[in-house]
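The values are calculated or read from the model by the stated rules, or taken from the named source; none is laboratory data. The structure presented is a predicted model; accordingly, all values stated were derived computationally and were not measured. As a convention, Cβ positions derive from the backbone with ideal geometry for all residues, glycine included, and neighbour counts pool all protein chains shown.
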């Protein structure tokens, strides 16, 4: 009887542990390779924008090849519109922003993370190096010690004005 209780307890533990990893995956989430569906608002908006010539890479022939586009392929058209779109209105930008949220997984899979951010210059840069050289023995029978330190500063006042300063210290 004790073996039977131990078997039931092990079976209950096993059944309780199996569904846990399956619950971590959202089965309701759309698959990136599913058809985008021509009746979705995202498809209609992207189709309209391409028809109006707002996408430099894509036109209506991309949509009318007889094949349904996957969500991944539609995300590629959305990237072109967001990065290179011409003549986009405020309502177009708002629609693309909404699409960006609902197609986040596909955009990430395509390596798109938004427009590249402008790299700002630091206000103050500090740079320099330190060199220490020690040679012992040699022709003179003594040791040669040499040290040099360089430190420089650059202060960026504005985009086209900078102040450079530096100091070199050498010892032998």
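For the reader, a short list of remarks on this structure follows.
- Each residue in segment 113-128 was checked for being over 30 Å from residue 101 (Cβ atoms) and at pLDDT 75 or above, and 5 of them qualify.
- For segment 18-48, a residue qualifies if it is more than 20 Å from residue 98 (Cα to Cα) and at pLDDT 80 or above, but none of them does.
- In segment 53-97, residue surrounded by the most Cβ atoms within 10 Å (Cβ to Cβ) [restricted to those that are at pLDDT 90 or above and on the phi > 0 side of the Ramachandran plot]: 53
- On inspection, residue 154 qualifies as modelled with pLDDT of 80 or more and either over 30 Å from residue 76 (Cβ atoms) or out of contact with any strand residue (DSSP E or B) (no Cβ under 8 Å at 6 or more places or on another chain) (or both).
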